[in-house]
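The next block holds one structure in the form of structure tokens; read it before the comments.
The values are calculated or read from the model by the stated rules, or taken from the named source; none is laboratory data. This one's a predicted model, so the numbers in the text were calculated from it and none came from an experiment. Cβ sites come from the backbone with ideal geometry, for glycine too, and all protein chains shown count toward neighbours. Heads up: the accessible areas ignore ligands, DNA and RNA and are worked out on the full protein's heavy atoms, side chains in. Shrake-Rupley method; radii C 1.70, N 1.55, O 1.52, S 1.80 Å.
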Amino acid sequence: MKTGGITLITTHTNADFDGLASLVCAGKLYPDAYKCFSGSVCSNVKAFLEAYPQGILKSRSIKLETIERLILVDTREKHRIGKFSQIADKTPISIYDHHPSQQDDLTGEKEEIREEGATITILLEILRKKGIPITKEEATLFSLGIYEDTGSLLFPTTSSSDIDSLSWLFKQGADLSIVSEYLEHKLTKSHLLLLSDLFKSCRLYKIRGIDVVFASAKPKEHIEDLASVIHQMMDIERFKVLFCFIETEECIHIIARSRVEEIGVGSVLSCFGGGGHGQAGSATVKGMLKKIQKMVLANLKLGERNLSFLIEKRLPKWMREVISVLSGLGTGVYLVGGFVRDLILNRENLDLDLVITGDGIEFAKKLSCLLPNSCLTCHRRFGTAQITLENKAKIDIAGARKESYAKPGALPEISPASLKSDLKRRDFTINTLAISANPKDFGRLIDFYGGITDIQNRTIRILHPKSLADDPTRIFRAVRFSSRFGFAIEKETEKIARDVARGGLKHLSYERLRNELILILSDEYPEKALNRLSDLGVLGFVWPGLVLKKGLFSKIHEELFHLAIFLEGAQTWVLWFLALTVGLNRGETEEVIKKLRFRAEIRKKVLEAKAKAPFIIKFLQRKTLKNSTLYKRLINLSDETIIFVLAKTKSLLVKKRIHLFFATLRKERVYLTGDDLISMSLKPSPKFRKILDKLLSGHLDGKIKTKEDELRFIERFLGRDS
Ligand code: CTP
């Protein structure tokens with residue numbers, strides 16, 4: 001092995017032919033790189049490799065610390081690259097992938113991501129452009145990749161580029177007899193037993209007129225390559241849609257296949273943290289089989305256009321009660337927007353959004369009277385109202401309205417309208433869904449603009465070409481939703497976002513920019529969205545030339561993970577803001593803060609962290625440091641400053657001392673109180689503070705342990721001091 005850092009090409013665990021083909025092809029593009037599997041390989045790939053070895057290493061032969069650069073092919077999901085996920089956040093990555101985006105996708109410095117039928121098609125295009133020749137054997141392997149991932153060109157995801165690549169591979173001498181030999185999935189005895197169990201358990205459901213089969217089994221032993229069993233079932237029975245639930249001791253693997261465009265199985269499984277394509281998807285879940293099957297069914301039924309079952313199943317009791325109260329208040333009441341979107345995605349959202357086709361404010365008044373201890377605020381000018389409930393949840397109420405913009409970026413002019421035009425003025429199709437709360441058709445889904453299809457296809461799409469120019473905050477919202485839900489920004493929407501960014505986001509006020517930035521920084525993994533903002537050319541509006549320091553972000557994640565239980569009031573978004581602006585000097589940081597009009601308290605936190613961090617690091621590196629001195633140095637700093645210090649230092653001593661502070665020192669208390677001192681006939685005076693501080697220092701340094709120790713200390717202290 002080389003002594004310097006290596007470039008490593010890898011693919012997803014349980015590598016299939018597209019993974020293997022892409023790995024080999026990437027090896028031709030990066031001849032100095034090491035090719036390595038990240039875990040096991042599918043059984044037919046294994047059989048192929050026995051006959052045609054490709055010199056690909058096993059992951060155990062690579063030491064993580066030797067890797068300088070990662071090249072990922074046919075995946076970008078962190079949890080699918082085995083042990084290499086451990087270094088993925090701190091290593092530059094190039095990505096070649098054809099999968100739709102997922103929640104835990106990694107971001108690459110270089111990305112070639114397109115939804116072709118197979119990843120090898122993307123790589124072949126580059127290889128061909130560079131004029132790199134391939135052998136007949138390679139042509140055969142690359143064809144296997146395309147044939148397998150496109151279901152022999154029959155899956156609807158097959159693209160004309162896949163077909164073009166295949167035709168080129170054929171000209172390069174691809175051997176179709178080998179392709180057909182290995183495309184057949186060879187089944188072992190345990191596969192056959194599993195197959196028989198699955199067939200016995202088949203249950204048929206009709207979803208929108210389409211037959212959907214659920215099969216389940218609990219095999220006694222671990223079975224590799226479950227996908228080939230499902231493949232066989234689909235082949236034998238010509239099922240339209242099949243969901244297999246394979247139970248093990250620890251979890252349930254769901255593997256699903258679909259031959260019909262109306263039901264995309266990947267999106268059905270996405271709320272379990274799984275994913276895939278329309279035709280093939282998988283997820284691994286913990287829980288009871290029956291309950292999980294019910295949830296899958298619920299997701300499948302989404303297209304059935306009445307979502308009352310989701311209201312019943314997914315909302316807490318208090319919220320169902322509120323909905324039942326508002327539903328009793330007459331007609332023209334609709335649940336809308338982010339609330340409906342999140343209900344469908346099975347994400348908690350406790351703020352209700354209502355549109356009333358009538359007088360929104362009158363409705364809000366009536367509703368508020370029926371909700372005990374609620375508080376109503378009305379904005380007459382906009383025809384909107386907000387009710388804050390006893391538990392602090394909010395209900396936003398608006399009369400259905402049209403908005404027109406006198407000029408882009410200006411506040412909209414508002415006039416009453418139908419529900420349809422109210423929904424039309426919204427940002428993205430996924431936010432245009434409504435559910436009727438009217439008694440006569442309670443739960444009816446209203447989808448004028450293709451919101452459900454876009455949710456199923458995991459797409460963020462604007463409704464009209466001027467949407468982003470009229471309201472440039474929507475670019476930030478698109479990025480936030482895309483990274484939060486793992487959705488892709490649709491191509492035309494992305495193009496328009498870039499155009500608007502190039503035009504200078506002319507009409508965006510800094511206050512609105514700040515609010516959007518804070519929302520992005522408040523998400524769990526903000527660096528993903530920040531990268532995307534940078535890519536779209538809008539991060540520069542926060543500060544020109546801002547560069548993300550990826551390493552710092554992952555260090556902060558690490559520290560937050562370790563200290564989570566000790567952090568109660570920390571505003572993590574402030575930390576991410578610190579990470580974002582780490583390259584700016586004090587003057588520049590002050591300017592950004594002023595421009596974005598941050599509150600004084602935030603300004604103080606940010607500037608304190610930046611200014612003090614280097615001095616604290618130095619101070620905490622002293623050879624000897626009494627616990628009481630450590631305590632005094634840290635106790636008045638914000639948690640954000642301390643975590644920033646942790647992330648900025650490599651010194652183990654500094655880290656150890658800060659952890660000691662959080663875990664132990666900060667909790668230390670003295671037994672005696674000011675009242676105790678008074679009952680010892682002392683007169684209240686500033687000296688009290690001094691005495692109590694000394695007692696605390698005594699505890700911290702281990703000199704005082706009990707209440708008696710404290711009393712003795714006071715006697716001595718007073719004797720000497722008075
Ligand atoms: N909206 C919009 N354009 C904006 C902001 C909001 O069209 N710039 C619309 C969207 O339809 C959105 C609704 O107003 O669904 C409510 O906005 P908001 O509460 O900010 O967003 P949510 O979609 O609920 O998202 P979040 O979960 O972040 O609150």
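For the reader, a short list of remarks on this structure follows.
- Filtered residues of segment 530-555 (kept if among the polar types (S, T, N, Q) and open to solvent by less than 30 Å² (accessible area, probe 1.4 Å)): SER554
- Residues of segment 209-236 classified as assigned to a loop (DSSP other than H, G, I, E, B), open to solvent by 80 Å² or more (accessible area, probe 1.4 Å) and not charged (D, E, K, R), total: 1
- Residue within segment 376-387 that is under 33 Å from the mean Cα position of the chain (by Cα), within 16 Å of the ligand (Cβ to nearest atom), surrounded by 15 or more Cβ atoms within 10 Å (Cβ to Cβ) and within 16 Å of GLU321 (Cβ to Cβ) present: yes
- Filter result for LYS402 (in a strand (DSSP E or B), within 16 Å of the ligand (Cβ to nearest atom) and of a type in the set (Lys, Arg)): yes
- Failed item, numbered, when GLU362 is tested on (1) more than 16 Å from the ligand (Cβ to nearest atom); (2) buried (at least 16 other Cβ atoms within 10 Å of the Cβ): (2)
- Unique residue being among the aromatic types (Phe, Trp, Tyr) and either at pLDDT below 90 or surrounded by fewer than 20 Cβ atoms within 10 Å (Cβ to Cβ) (or both) when the list is PHE487, PHE476, PHE442, PHE428: PHE442
- Among the residues of segment 112-132, those that are crowded, with 18+ Cβ neighbours inside 10 Å and not in a loop (DSSP other than H, G, I, E, B) comprise ILE113, THR119, ILE120, THR121, ILE122, LEU123, LEU124, LEU127.
- Out of LEU183, LEU127, LEU187, LEU153, sole residue that is aliphatic (A, V, I, L, M) and at pLDDT 90 or above: LEU127
- Cβ-Cβ contacts under 6 Å between residues 6 or more apart (or on different chains), taken from a first residue in segment 240-251 that is touching a residue at least 60 places away in the same chain (Cβ under 8 Å) to a second residue that is of a type in the set (Val, Ile, Thr), are absent.
- Selection count, segment 237-267, where residues are open to solvent by 10 Å² or more (accessible area, probe 1.4 Å) and of a type in the set (Val, Ile, Thr): 3
- Against the test of being charged (D, E, K, R), assigned to a helix (DSSP H, G or I), open to solvent by 60 Å² or more (accessible area, probe 1.4 Å) and in the same structural domain as ILE565 (by TED's automatic domain parsing), the options LYS687, LYS656 yield a single qualifying residue, LYS656.
- Residue pairs whose Cβ atoms lie under 6 Å apart, separated by 6 or more positions or on different chains, with the first residue in segment 543-570 and small (Gly, Ala, Ser) and the second open to solvent by less than 30 Å² (accessible area, probe 1.4 Å), are ALA570/ASP639; ALA570/GLU640.
- Evaluation of ILE163 against the conditions (1) of a type outside the set (D, E, K, R); (2) open to solvent by less than 30 Å² (accessible area, probe 1.4 Å); (3) in a helix (DSSP H, G or I); (4) over 23 Å from CYS42 (Cβ atoms) shows that the sole unmet condition is (2).
- Against the test of being open to solvent by less than 30 Å² (accessible area, probe 1.4 Å) and away from the ligand (no atom under 16 Å from the Cβ), the options VAL336, VAL325, VAL296, VAL340 yield a single qualifying residue, VAL296.
- Only residues that are of a type outside the set (Asp, Glu) and part of a helix (DSSP H, G or I) were counted across segment 630-653, and they come to 15.
- Residue list for segment 305-345, filter: closer than 13 Å to ARG444 by Cα and either not in a helix (DSSP H, G or I) or not assigned by TED's automatic domain parsing to the domain that holds ARG444 (or both): ARG305, ASN306, LEU307, GLY332, VAL333, TYR334, LEU335, VAL336
- Residues of segment 15-44 that are hydrophobic (A, V, I, L, M, F, W, C) and free of Cβ contacts under 8 Å to residues at least 60 places away in the same chain: ALA15, LEU23, ALA33, CYS36, PHE37, VAL41.
- Some residue of segment 505-526 being surrounded by 20 or more Cβ atoms within 10 Å (Cβ to Cβ), within 11 Å of the ligand (Cβ to nearest atom) and more than 21 Å from the chain's Cα centre (by Cα): yes
- When LYS206 is tested against (1) open to solvent by 70 Å² or more (accessible area, probe 1.4 Å); (2) in the same structural domain as ALA26 (by TED's automatic domain parsing); (3) not in a helix (DSSP H, G or I), exactly one condition is not met: (2).
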